[in-house]
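The values are calculated or read from the model by the stated rules, or taken from the named source; none is laboratory data. In this text, all values refer to a predicted model and were calculated from it rather than measured experimentally. Heads up, the Cβs are rebuilt from the backbone with ideal geometry, glycines too, and the neighbour counts pull from every protein chain shown.
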């Protein structure tokens, strides 16, 4: 049915296709003082926060560019950079640039010729990357530069057992001298490369804000160490370490099986991992890299967290309903006791910045629309420093009028992870960026910490149950970990096995009062002066009352958000954005009865479920109009409304249904 039709179809679904090269609305004017990226100087760390050289504080709302998406054609780079800025994105993570399965990748721009090594960069790939960097910089978008992610080491690299090494040589890349030497060469070649479009070496360009050494890869994870000759070399290193520490080891082969690790092995792994980070950091500083550096992002428990101590900031990943191809659980996280803040809190050291370099609740989970605003609000409450969704795209062009990309890297699950045209996730980035970057949700007033002593780090096999203090506390207070010897002030301090009290049966509300969640009713809300929102199963929640806003929602599952597009609070603003979205899917997509198995991918166009709701908004403005906006930014109609006694009342979803509505004087 036409987008400008006055009534929704009987199914209450309508086409809403976000263009790949533009945005329905341009909110970049709200961030004009932050462009170009780097105008405030290099990013630094001061007092546990990211601060630019001129003293400006930094927060990053971002996404990951995956594999070939890092190498667009020049014309595409210009459009993509501007699109990101319009949605409020100010950080991209250059993820999996070294993935051999991608075309282009950093080593090879085209498929066909066989390369026997991974020792140099392809000139065409670098030209495309350079121009992308230039365009992102001009648009005010910073860059988080990944290093070792999916690199396939080859015989010409001079490494042992090249044909048997896993991707990124996990976990051998953390201790083998030759593999570390090759990582240093890669970093030196990349950071000293001069971009012809910016006239600066990467290391001298402040548009590069962050870096991590390796992705989802460390010695304390469950990856076995069995490949020869690496295993024997590692045992030699272990025996040498044990001798230095006066530890007598039994004769015979040392078993590094993760399930059989002794305390000495765990301590050795920790020291080796920490030493790897320290060694690479010294090298990077030696070649002139100035920006904050993280070692990795792999969530491997207390010892793995302690190994991050030499790094400038901590990074972590977490997913909800991570589908493997066509299967999932189709659960709403709003109904679960664990949540985003609890999941990430145990990987954060309170004395330094914390960045989420990957998060996602992938399509085809029906309820994924609950997550963008939820995570942005919790990130602001926790005073985290950066958030990046996985992933924007795996390529820079191609079909864009349906959800789901292509099978890449032999993984059908990657079909589910592209977010750039998903109304239920990326479509909410306007509000998410304002919540986080503009600080529409205030940081928590109190800090809840778990103090990790020596026993907790090396003698306890930590599980989610050991972090009971973070649930529901992480929805109320700033949360994180304190290592032995760190001097960090906190209002509430617990040991690993202590509980912060019984689980709350009713709604959990932050200590600022600006965020809350009702786990039984399966919805949450944001109640700040410049952004108010409710998301989840609102149809059964009854009348929802926030400060100056009332919602009565008919649609069972919905996200409804209102943000001021000025510096004024909502009740004084003459320019507001209202977004209403819930479920989104492809035309003709088919699932089993539980929606846990996808039977058919579906076809174009992408559809959204029309959100029907009655809204009452308090305002000081004498005359406001409500404009329905289609994906191309066209006005499709005026929503009937009335203002009486300082209250604007109207209904959405009946006439001129849409996802975006501008409320303007």
Exercise. Given 565, 635, 578, which one is under 26 Å from residue 23 (Cα atoms) and without any contact (Cβ under 8 Å) to a residue 40 or more places away in the chain?
Worked result: 635
Problem set entry | Selection count, region 481-506, where residues are surrounded by 14 or more Cβ atoms within 10 Å (Cβ to Cβ), farther than 30 Å from residue 260 by Cβ, out of contact with any strand residue (DSSP E or B) (no Cβ under 6 Å at 6 or more places or on another chain) and modelled with pLDDT of 75 or more | 1
Seminar exercise, completed: Within region 71-100, residues being outside any helix (DSSP H, G or I) and either more than 23 Å from the chain's Cα centre (by Cα) or under 18 Å from residue 372 (Cα atoms) (or both) number 8
Seminar exercise, completed: With criteria (1) part of a strand (DSSP E or B); (2) at negative phi; (3) at pLDDT 95 or above, residue 598 comes up short on (3)
Seminar exercise, completed: Here the residues within region 186-215 that are assigned to a loop (DSSP other than H, G, I, E, B) and more than 21 Å from residue 308 (Cβ to Cβ) are 192, 193, 196, 197, 198, 199, 205, 206, 207
Exercise. Which of (1) crowded, with 19+ Cβ neighbours inside 10 Å; (2) outside any strand (DSSP E or B); (3) touching a residue at least 60 places away in the same chain (Cβ under 8 Å) is the odd one out, the single condition residue 661 does not satisfy?
Worked result: (2)
Problem set entry | Options 579, 555: the member that is at pLDDT 95 or above, outside the structural domain of residue 329 (by TED's automatic domain parsing), crowded, with 19+ Cβ neighbours inside 10 Å and not in a loop (DSSP other than H, G, I, E, B) | 579
Problem set entry | region 260-305: number of residues that are assigned to a helix (DSSP H, G or I) and within 25 Å of residue 460 (Cβ to Cβ) | 22
Seminar exercise, completed: In region 145-185, anything under 16 Å from residue 226 (Cβ atoms), over 30 Å from the mean Cα position of the chain (by Cα) and not in a helix (DSSP H, G or I) is listed as 160, 161, 176
Exercise. Would it be correct to say that residue 398 is more than 16 Å from the chain's Cα centre (by Cα), assigned to a loop (DSSP other than H, G, I, E, B), under 30 Å from residue 590 (Cα atoms) and free of Cβ contacts under 8 Å to residues at least 24 places away in the same chain?
Worked result: yes
For this session: May I ask you to verify whether residue 129 is surrounded by 23 or more Cβ atoms within 10 Å (Cβ to Cβ), touching a residue at least 24 places away in the same chain (Cβ under 8 Å) and part of a helix (DSSP H, G or I)?
Result: yes
Exercise. Could you say whether any residue in region 278-296 is without any contact (Cβ under 8 Å) to a residue 40 or more places away in the chain and over 29 Å from the mean Cα position of the chain (by Cα)?
Worked result: yes
Seminar exercise, completed: Quick count over region 426-439, residues being surrounded by 24 or more Cβ atoms within 10 Å (Cβ to Cβ) and not in a helix (DSSP H, G or I), is 0
Exercise. Do we have residue 387 as at pLDDT 95 or above, part of a strand (DSSP E or B) and in contact with a helix residue (DSSP H, G or I) (Cβ under 6 Å, 6 or more places away or on another chain) here?
Worked result: yes
Problem set entry | The one condition in (1) modelled with pLDDT of 95 or more; (2) assigned to a strand (DSSP E or B); (3) buried (at least 18 other Cβ atoms within 10 Å of the Cβ) that residue 649 fails to fulfil | (3)
Exercise. Do the conditions hold for residue 573, that is, is it without any contact (Cβ under 8 Å) to a residue 40 or more places away in the chain, more than 30 Å from residue 415 (Cβ to Cβ) and buried (at least 20 other Cβ atoms within 10 Å of the Cβ)?
Worked result: no
Exercise. Which condition number in (1) on the phi > 0 side of the Ramachandran plot; (2) in contact (Cβ under 8 Å) with a residue 12 or more places away in the chain; (3) not assigned by TED's automatic domain parsing to the domain that holds residue 382 is the one that residue 50 fails?
Worked result: (1)
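Here is a yes/no grid of residues against (1) touching a helix residue (DSSP H, G or I) at 6+ places or on another chain (Cβ under 7 Å); (2) surrounded by fewer than 24 Cβ atoms within 10 Å (Cβ to Cβ); (3) assigned by TED's automatic domain parsing to the domain that holds residue 593:
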residue: 319; (1), (2), (3): no, yes, no
residue: 322; (1), (2), (3): no, yes, no
residue: 330; (1), (2), (3): no, yes, no
residue: 335; (1), (2), (3): no, yes, no
residue: 341; (1), (2), (3): yes, no, no
residue: 351; (1), (2), (3): no, yes, no
residue: 356; (1), (2), (3): yes, no, no
residue: 359; (1), (2), (3): yes, yes, no
